[in-house]
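J.: Below you'll find the structure I mean.
The values are calculated or read from the model by the stated rules, or taken from the named source; none is laboratory data. Being a predicted model, the structure only gives us computed values, none of them experimental. Here the Cβ positions follow ideal geometry from the backbone for every residue, glycine too, while neighbour counts run over all protein chains shown.
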Amino acid sequence: MHRRALLLSVLAIALNGCTTLRGTGDLGVVIERASGSLQIVDTTAHKSIKPLSGLGDLSHASVVFSRDERYAYVFGRDGGLTRVDILKGNIDKRIIQSGNSIGGAISQDGRLVAVSNYEPGGVRIFDATTLEPVAEIPAEYGNGQLSKTVGLVDAPGQRFVFSLFDAGEIWLVDMSKPAAPLITKFRDIGKQPYDALLSPDGRYYIAGLFGEDGLALLDLWHPENGVTRVLANYGRGEEKLPVYKMPHLEGWAMAGGFAFVPAVGRHEVLVVRMSDWQEAGRIKVHGQPVFVMARPDGRQVWVNFAHPRNDTVQVINTESLQLINTLKPGKAVLHMEFTPRGEEVWISVRDEDRVEVYDTDSQTKTSTLNAAKPSGIFFTSRAHRTGL
Amino acid sequence: MSSSLTHTTIWLMTSSTLTLLLLTVGVSPALANASELPAAREAELIHLLRQDCGSCHGMTLKGGLGPSLLPERIGTLPPEFLINTVLEGRKGTAMPPWKSMLNREEVSWLVEQLQKGVPDAP
């Protein structure tokens, strides 16, 4: 009996042409921005398991995952939308859906993928399996101009939310009936929203403003209340520093009722009290923050910085609101991604052609992987997080 | 080398009689000097262009949050305008001033490269 089972499994392997069965929960992708390639990585083994090329211009690439955690949807700068099979390690489907895109999102039910475009300005929505077009939403404003769109996220209720950089608007799109998208537009939300994030419970959509101080807040439980301004008086009268890299709003740190966001044009991380959305403090940091990312348990926040101070990562204790460590991973730290339960963080160091893995408790380096000009790092655990 | 360029500009503005002289004698060496940055610095500048300018204008410079920097869009714009935009930034837009990191000579060289088209290799 045993022998027969063994024989069968050997046969199965031979027929499949692959070595072992495996899950994808500890896999992810590392974008190699300059070469239009990525690496599929294993976060348990700390190694790359498959390089993959032919993904076009990945100079600003982001990734979402199918809910079975098998497929990575890669959004490229050139408007490319690529569905990568991370189990087989190949490109399953690829389309060029616009001239210039910035990111995307996957719907609550996993059936729709939306892409945020600069050119032509708007959002396009595709079937997640076939990549056939489902809906097109031009971001039209004023006298028929099209706005660049940013900060696209999925939200509960089969909705997508995004911001219009040039128009200063937030649009909420209900895709419950894919053939008839229901769009709610919020106007005059503030000048030049540059990115946005969603609280992990899917309730609050918050857009950062480049053209003025403060953040724009939309309560998705009560969209009828409209968009309100948060921290409107923040930094009033202070001279901002030149901004050499737009901050990103992604991930959301909450601890003791505080949220942590990058300040624009300042060497500070802002602490916002979520009960009344008032400023609860500012933490002086090494440079202008780009990513302010919470460890999944919310106890630490890791911060990287804009050019020319981008060789550094700092760690904030969210209880004391103090800096607890300053790390120097190397030249041009672009992104950080925590393992699903946060014991490690992977950091891409572009100009060193390396990805460094740190233990988050001791903040010491545990592993190094080689990668060509690595930028974004995305792990499959994002598949089950709203807004990522 | 940046001073020689500055001098050229001043001469052109202040002395019309010397203008011809400068055009025939003085300017050509000055322009030749402008492209004689150390090769290592030129490589750094191209890296900065691709990677850091590229974070808004796209790594291939075809545009992103910021507009395209390809020759078909900026090739015929006055170089002085482009140089000043890089050095001083543009108020009301996301374009920051780069003068704390780059001098006029370096920016002139970058603008020259941009207007004729930077080879596509990253």
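J.: Can you find a residue in segment A:57-67 that is more than 14 Å from chain B (Cβ to nearest Cβ) and among the small types (Gly, Ala, Ser)? Steps first, answer last, please.
T.: Narrowing segment A:57-67 to residues more than 14 Å from chain B (Cβ to nearest Cβ): A:63-67.
Those still in the list that are among the small types (Gly, Ala, Ser) too: A:66.
Looking for residues that are more than 14 Å from chain B (Cβ to nearest Cβ) and among the small types (Gly, Ala, Ser), one finds at least one in segment A:57-67, hence yes.
J.: Next question, about the same structure. When you scan segment A:247-256, do you find a residue that is surrounded by 17 or more Cβ atoms within 10 Å (Cβ to Cβ), in contact (Cβ under 8 Å) with a residue 40 or more places away in the chain, of a type in the set (Phe, Trp, Tyr) and away from chain B (no Cβ under 14 Å), even just one?
T.: Yes, there is a match, as at least one residue in segment A:247-256 is surrounded by 17 or more Cβ atoms within 10 Å (Cβ to Cβ), in contact (Cβ under 8 Å) with a residue 40 or more places away in the chain, of a type in the set (Phe, Trp, Tyr) and away from chain B (no Cβ under 14 Å).
J.: Just give me the residues in segment A:75-106 being of a type in the set (Lys, Arg) and either over 19 Å from residue A:30 (Cβ atoms) or part of a strand (DSSP E or B) (or both), in sequence order.
T.: Pass one, segment A:75-106, residues of a type in the set (Lys, Arg): A:77, A:83, A:88, A:93-94.
Selection gives A:83, A:93, A:94.
J.: What are the residues in segment A:130-151 that are in contact with a strand residue (DSSP E or B) (Cβ under 9 Å, 6 or more places away or on another chain) and assigned to a strand (DSSP E or B), if any?
T.: The first filter runs over segment A:130-151 and keeps only residues in contact with a strand residue (DSSP E or B) (Cβ under 9 Å, 6 or more places away or on another chain), leaving A:130-141, A:146-151.
Residues satisfying the conditions are A:133, A:134, A:135, A:136, A:137, A:138, A:140, A:141, A:146, A:149, A:150, A:151.
J.: Quick check on this structure: which one of A:340, A:329, A:374, A:308 is within 13 Å of chain B (Cβ to nearest Cβ) and either at pLDDT below 95 or surrounded by fewer than 23 Cβ atoms within 10 Å (Cβ to Cβ) (or both)?
T.: Details: A:340 fails: within 13 Å of chain B (Cβ to nearest Cβ); A:329 fails: within 13 Å of chain B (Cβ to nearest Cβ); A:374 fails: either at pLDDT below 95 or surrounded by fewer than 23 Cβ atoms within 10 Å (Cβ to Cβ) (or both).
Unique residue meeting the criteria: A:308.
J.: Quick check on my filter: what residues within segment A:235-246 are over 22 Å from the mean Cα position of the chain (by Cα) and either free of Cβ contacts under 8 Å to residues at least 40 places away in the same chain or surrounded by 19 or more Cβ atoms within 10 Å (Cβ to Cβ) (or both)?
T.: The answer is A:235, A:236, A:237, A:238, A:239, A:240, A:242.
J.: Here are some conditions: (1) part of a loop (DSSP other than H, G, I, E, B); (2) of a type outside the set (Gly, Ala, Ser); (3) under 15 Å from the mean Cα position of the chain (by Cα); (4) closer than 13 Å to residue A:379 by Cα. Residue A:69 meets all but one. Which one does it not meet?
T.: Residue A:69 satisfies all of (1) part of a loop (DSSP other than H, G, I, E, B); (2) of a type outside the set (Gly, Ala, Ser); (3) under 15 Å from the mean Cα position of the chain (by Cα); (4) closer than 13 Å to residue A:379 by Cα except (3).
J.: Mind listing just one residue for me: the one in segment B:57-98 that is surrounded by 21 or more Cβ atoms within 10 Å (Cβ to Cβ) and outside any loop (DSSP other than H, G, I, E, B) and, of those, nearest to the other protein chains (Cβ to nearest Cβ)?
T.: B:57
J.: For segment A:68-93, what are the residues that are more than 14 Å from chain B (Cβ to nearest Cβ) and among the hydrophobic types (A, V, I, L, M, F, W, C)?
T.: Once the filter is applied, which keeps residues that are more than 14 Å from chain B (Cβ to nearest Cβ) and among the hydrophobic types (A, V, I, L, M, F, W, C), segment A:68-93 yields A:72, A:74, A:81, A:84, A:86, A:87, A:91.
J.: I'd like the full set of residues that are outside any strand (DSSP E or B) and of a type in the set (A, V, I, L, M, F, W, C), limited to segment A:326-381. Give the derivation first.
T.: To start, the set of residues in segment A:326-381 that are outside any strand (DSSP E or B) comprises A:328-332, A:339-343, A:350-353, A:360-363, A:371-373, A:380-381.
Within segment A:326-381, A:332, A:371, A:372 meet the criteria.
J.: Looking at residue A:58, is it touching a Leu at 6+ places or on another chain (Cβ under 7 Å) and either assigned to a strand (DSSP E or B) or of a type outside the set (Phe, Trp, Tyr) (or both)? Reasoning before the result, please.
T.: On the way: touching a Leu at 6+ places or on another chain (Cβ under 7 Å): no; either assigned to a strand (DSSP E or B) or of a type outside the set (Phe, Trp, Tyr) (or both): yes.
No.
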